[in-house]
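Derivation of every value follows stated rules applied to the coordinates shown; laboratory data play no part. This structure is a prediction, so every number in the text was calculated from the model and none was measured. Cβ coordinates were reconstructed from backbone atoms using ideal geometry, including for glycine residues, and neighbour counts include every protein chain displayed.
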Amino acid sequence: MAKKPPFVAGNWKMHMTIPEAKDLATAVVRASMELPEAEIVLAPPFTALSEVFKIVEESAVQLAAQNLHGEDRGAFTGEVSAPLLKDAGCQYVIIGHSERRQFFGETDAGVNKKISAALKSGVIPIVCIGETPAERERGETMAVVSRQLEGGLEGIALEGFEPMIIAYEPVWAIGTGKTASPAQAEEVHAHIRQDLTRRYGNGPAEYAIILYGGSVKPANAFALLSEKNIDGFLVGGASLEAESFIEIVREAIKAYKEKK
Ligand code: 13P
């Protein structure tokens, strides 16, 4: 299925028991029937993937995992590989989330390996990049996202890049209620698109979907997505309730229609 903007993904992180996940997914699927203009993706924890898959399977809502291991199989206790995610019904996988970089030592080289593993199994990477508060204060934002992109995408050919989604998530905005202003986010998104243009050429960079993530709420979604280079959202906290998540999707559709 072709990806399309506006693209709104809910990252449930380490939340949702199986019954809770089923309820939330059911509510999102129901609401999604009236919102065919948006690409809606849900990223439950591993434990709920197969049950959520059964619920989204017949709908346009897609399933994502939150992480994967870079090898296809082997003695890696506690890890989950791309073929296993594919088998569980995942179309997408989030790679390089700042929480994994911060708390689990994930590096650009590791992200690169995971991207290749996902692509090989036909699971589309949602690649996260973003600067810490200290890096922003030191004026290093653009250098950091460029370095993360370069390291993550090293050796990834155009055909691998084309389906991919990039998510800019400034670490200081995640779970803090401190959203980047639309202008702050747009500045980085434009920079990312420029980097992608240098790497993959005009057309592919223009069509690339670049998400913003970090305290996205119904109240700020419209203004953010009205910016030229913001094509959708990776939503954390506000994706844990159907009502706020769906309202974000609605705002995204409205903003996208107006700027087209
Ligand atoms: P919040 O929306 O809770 O800030 O989380 C953003 C995020 O990390 C999504 O991946």
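Observations on the model:
- Ranked list, fewest to most other Cβ atoms within 10 Å of each Cβ, for 195, 23: 23, 195
- Cα-based shape type of the stretch 72-184, given that a ≥ b ≥ c are square roots of the gyration tensor eigenvalues and the cut on a/c is 1.5: prolate
- Computed over all pairs of different Cα atoms, the Kirkwood value for the hydrodynamic radius of the stretch 1-120 is 14.9 Å.
- Links that overshoot a 20 Å alpha carbon limit, given the list 22/54; 4/228; 13/120; 54/86: 13/120
- Cα gyration tensor shape for the chain, rounded if a/c is under 1.5, else prolate or oblate: rounded
- Ascending count of other beta-carbon atoms within 10 Å, so fewest first, for 199, 101: 199, 101
- The loop-placed chymotrypsin sites (Phe, Trp or Tyr not before Pro) in the stretch 1-97, going by DSSP, that have at most 16 neighbouring Cβ atoms within 10 Å of their Cβ come out as 76.
- Residue 138/residue 223 FRET efficiency (R0 30 Å; Cβ-Cβ; nearest 0.05): 0.65
- Farthest towards the positive end of the charge dipole of the stretch 21-113, among the residues 26, 44, 55, is the Cα of 44, using unit charges on the Cβ of Lys, Arg, Asp and Glu.
- The listed peptides 78-89, 244-255, 217-228, ordered by packing as a protection proxy, come out as 244-255, 217-228, 78-89 (highest mean of other Cβ atoms within 10 Å first).
- Residue of 16, 164, 33 that the Gaussian network model of the chain assigns the largest fluctuation, springs spanning Cα pairs under 10 Å: 33
- Listed residues 173, 208, 148: farthest to the positive end of the dipole of the stretch 130-232 (Cβ charges): 173
- Under the shape rule built on the C-alpha gyration tensor, where the axes satisfy a ≥ b ≥ c, the stretch 178-260 is prolate, since a/c reaches at least 1.5 and a/b is greater than b/c.
- Diagonalising the gyration tensor over the Cα atoms of the stretch 110-174 and scaling each eigenvalue by 5 before taking the square root yields semi-axes of 25, 11, 9 Å, largest first.
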